[in-house]
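Written below as structure tokens is the structure these notes are about.
The values are calculated or read from the model by the stated rules, or taken from the named source; none is laboratory data. Just so it is clear, the model here is predicted, and its values are computed rather than measured. All Cβ positions, glycine included, derive from the backbone under ideal geometry; neighbour counts span all protein chains shown.
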Amino acid sequence: MLTLHHAPNSVCSQKVRVGLALMGLDWDSVVLDLQRGDQFAPDYRQLNTDAVVPTLVDDGLVVTESSLILSHLDRVHHGGRLMPTDVAGQAAAEHWLLRCLAIHAAINTLSFATAMRQAILAAKTRDEIEAQTSRMPDPIMAAKRLDLILNGLASPYVAQAMLHLRRLFKDMQAGLAARSWLGGATPGIVDVALVAYVDRLDRLGLSRLWEGSLAIAPWLERWQAQDAYARGIADWVPGDSAEQMRAAGAAHWTEIEAAWQATA
Ligand SMILES: N[C@@H](CCC(=O)N[C@@H](CS)C(=O)NCC(=O)O)C(=O)O
């Protein structure tokens, strides 16, 4: 039996839910409220020492890290059909999965420097914000989160995010130039691993970041027409949050564009 501990609007949870849907797997859902701090509950920390979602429990086996969860699901429950069959393709796919750590960090930076920041500052006092971030087990991650909430796009983490996004779009463009999916004729594990990150930037109103990489917008549109996209992402987006997120991100476009150009 597969049980996924996840959060509705978390990009790492979204990518695993898309994978579960694409692979046609049944799963039980345990939803965490990250703003309430469910991820810090001692029982959950037994499963995930980093206090983050998602966590998969597969018949008692605990698997963390969203890219590793996708690999596990594909390998153990889907006959490895999302992985390339050739050795070079497998090495490239594994490299993409590893890069997701840096890509996630970049998306997290832009989310918290814009829309999440706005929502948190409206809902919490400075003391409450510090109390919540200090619960994060990794002190560097806690310092990053606090910096993003307090300083927004003036945070030095923004330049790092732009660097990784530039590389992401350049390499996606190269991979998609001659085919519909990074996996080939149908979505592969890399497509699943990346969709929630690109979709989040789109939902933040930042799709102009990839206007020079012409293959990315049609790739995202192809995803948005998939049933797995609806079941993994769209169906879980909280009612009124879509417009709020787009407006919050788009309101910062001028600053984001300046940071983007600075890494050109
Ligand atoms: N590299 C991890 C990142 C997990 C992660 O940071 N998840 C976020 C949501 S996307 C989280 O749980 N954050 C908890 C918090 O903000 O306190 C993965 O891909 O699973």
Only unsatisfied item for Asp58, checking (1) on the phi < 0 side of the Ramachandran plot; (2) near the ligand (Cβ under 10 Å from one of its atoms); (3) over 16 Å from the mean Cα position of the chain (by Cα), is (2)
Next on the checklist: When you scan the stretch 65-83, do you find a residue that is within 16 Å of the ligand (Cβ to nearest atom), surrounded by fewer than 22 Cβ atoms within 10 Å (Cβ to Cβ), farther than 13 Å from Ile189 by Cβ and within 13 Å of the chain's Cα centre (by Cα), even just one?
Outcome noted: yes
Flagged pairs (Cβ under 9 angstrom, 6 or more apart or on separate chains; first in the stretch 23-47, touching a residue at least 24 places away in the same chain (Cβ under 8 Å) and under 17 Å from Val57 (Cβ atoms); second away from the ligand (no atom under 15 Å from the Cβ) and polar (S, T, N, Q)) are Trp27/Thr3; Asp28/Thr3; Ser29/Thr3; Val30/Thr3
Exception for Thr3 within (1) more than 18 Å from the chain's Cα centre (by Cα); (2) more than 16 Å from the ligand (Cβ to nearest atom); (3) of a type outside the set (Gly, Ala, Ser) falls at (2)
Quick count over the stretch 20-44, residues being within 15 Å of the ligand (Cβ to nearest atom), under 27 Å from Gln244 (Cβ atoms) and among the small types (Gly, Ala, Ser), is 1
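When you go through Ile256, Ile216 one by one, which is the residue that is within 23 Å of Gln173 (Cα to Cα) and touching a helix residue (DSSP H, G or I) at 6+ places or on another chain (Cβ under 6 Å)? Walk me through how you get there before you give the answer.
Numbers: Ile256 fails: touching a helix residue (DSSP H, G or I) at 6+ places or on another chain (Cβ under 6 Å).
After applying the criteria, what remains is Ile216.
Just one of Ala119, Ala115, Ala102 is surrounded by fewer than 20 Cβ atoms within 10 Å (Cβ to Cβ), more than 12 Å from the ligand (Cβ to nearest atom) and in the same structural domain as Asp191 (by TED's automatic domain parsing); which is it?
Numbers: Ala115 fails: surrounded by fewer than 20 Cβ atoms within 10 Å (Cβ to Cβ); Ala102 fails: more than 12 Å from the ligand (Cβ to nearest atom).
Step by step, each of Ala119, Ala115, Ala102 is checked, and only Ala119 is surrounded by fewer than 20 Cβ atoms within 10 Å (Cβ to Cβ), more than 12 Å from the ligand (Cβ to nearest atom) and in the same structural domain as Asp191 (by TED's automatic domain parsing).
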Taking the stretch 242-254 and keeping residues surrounded by 14 or more Cβ atoms within 10 Å (Cβ to Cβ) and more than 16 Å from Leu121 (Cβ to Cβ) leaves Arg246, Ala250, Trp253
**OP:** Considering every residue within the stretch 26-42, establish whether at least one is in contact with a His (Cβ under 9 Å, 6 or more places away or on another chain) and under 23 Å from Leu97 (Cα atoms).
**Re:** no
So, first residue more than 26 Å from Val31 (Cα to Cα) in the stretch 236-259, second residue small (Gly, Ala, Ser) and in a loop (DSSP other than H, G, I, E, B), Cβ within less than 8 Å, six or more apart or across chains; the pairs are Ala247/Gly205; Ala250/Gly205; Trp253/Gly205
Small (Gly, Ala, Ser) and in contact with a helix residue (DSSP H, G or I) (Cβ under 7 Å, 6 or more places away or on another chain), is that true of Ala119? no
Q: May I ask you to verify whether Ala51 is within 8 Å of the ligand (Cβ to nearest atom), more than 12 Å from the chain's Cα centre (by Cα), outside the structural domain of Thr186 (by TED's automatic domain parsing) and surrounded by fewer than 23 Cβ atoms within 10 Å (Cβ to Cβ)?
A: yes
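For (1) under 22 Å from Ala242 (Cα atoms); (2) more than 13 Å from the chain's Cα centre (by Cα); (3) in a helix (DSSP H, G or I), each residue gets a yes or a no:
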position: Leu150; (1), (2), (3): no, yes, yes
position: Ala159; (1), (2), (3): no, yes, yes
position: Arg167; (1), (2), (3): no, yes, yes
position: Pro187; (1), (2), (3): no, yes, no
position: Val192; (1), (2), (3): yes, no, yes
position: Val198; (1), (2), (3): yes, no, yes
